[in-house]
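A.B. asks: Structure below; questions to follow.
The values are calculated or read from the model by the stated rules, or taken from the named source; none is laboratory data. Everything quoted here is computed from the prediction, not taken from an experiment. Cβ placement follows ideal geometry from the backbone for every residue including glycine, while neighbour counts extend to all protein chains displayed.
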Amino acid sequence: EDLALMGQQIEHCRAILSRLTEAAGRRRPEFARRIAIGPWLDTLVASLRAQRPELSVRRSLPDVDVDIVADASLDQALRNLINNAATAAPRCAVEVSTAQRGAMLSIAIADRGPGIPDTVLASINAPQTRAHLPSEGLGIGLMLSASAIEQLGGSLEYTARRDGGTIATVTLPIAAPHDSLATALRTGH
């Protein structure tokens, strides 16, 4: 039974890696699209709930009516971050919120799990040390998620939550109304 579950998890990881690798090789303007953040997040969360009926996600989305430029890799990166948060605290809702900060959009994914030790937080927030992460659930998925976000001109940062848990904050450039997809991807705005 455990071996069967492990086999399923390995196949799931292979499928994710395959999609992310394929998307990374195609990261050109013709594969990116301009998306409105609110409806896109609604669709993403609904899809995750369909895959994981036990998943509880609480959305706190103020009136952030902005577009970003994204491709399939961002979808997979956020799925990974939300799934990680749900795994860290399976009995608590994952909280997803957005905020606009100047020309950037922040998407915060917060959990009430045990948190990440400060020494590990320092490592996962430093791109040059991500490759040497401990294997307690923070590994290749984190590296691929961070890479996908960085390829879109954004960043991923983890912080400890005051009353326990972790917040993963994805920051992405907002697509200006006059920017073409090519310009937005090239400049990160």
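A.B. asks: Looking only at region 1-51, filter to residues that are at pLDDT 70 or above, of a type in the set (Asp, Glu) and over 22 Å from Pro173 (Cβ atoms); which one of those is surrounded by the most Cβ atoms within 10 Å (Cβ to Cβ)?
C.D. replies: Glu11
A.B. asks: While we're on this one: Any idea how many residues of region 52-75 are in a helix (DSSP H, G or I) and surrounded by fewer than 19 Cβ atoms within 10 Å (Cβ to Cβ)? Explain how you work it out, then say what you get.
C.D. replies: Applying the first criterion (in a helix (DSSP H, G or I)) to region 52-75 yields 72-75.
Then keep just the ones that are surrounded by fewer than 19 Cβ atoms within 10 Å (Cβ to Cβ); that gives 72, 75.
The qualifying residues number 2.
A.B. asks: Filter region 95-129 for residues that are surrounded by 17 or more Cβ atoms within 10 Å (Cβ to Cβ) and of a type in the set (S, T, N, Q); which is farthest from Leu48 (Cα to Cα)?
C.D. replies: Ser123
A.B. asks: Let me ask you something else. Give the residue, chosen from Thr87, Thr119, that is assigned to a helix (DSSP H, G or I) and without any contact (Cβ under 8 Å) to a residue 24 or more places away in the chain.
C.D. replies: Testing whether each residue is assigned to a helix (DSSP H, G or I) and without any contact (Cβ under 8 Å) to a residue 24 or more places away in the chain leaves just Thr119.
A.B. asks: Residue check: is Gly137 at positive phi and either surrounded by 18 or more Cβ atoms within 10 Å (Cβ to Cβ) or at pLDDT below 90 (or both)?
C.D. replies: For Gly137, the condition - at positive phi and either surrounded by 18 or more Cβ atoms within 10 Å (Cβ to Cβ) or at pLDDT below 90 (or both) - is met.
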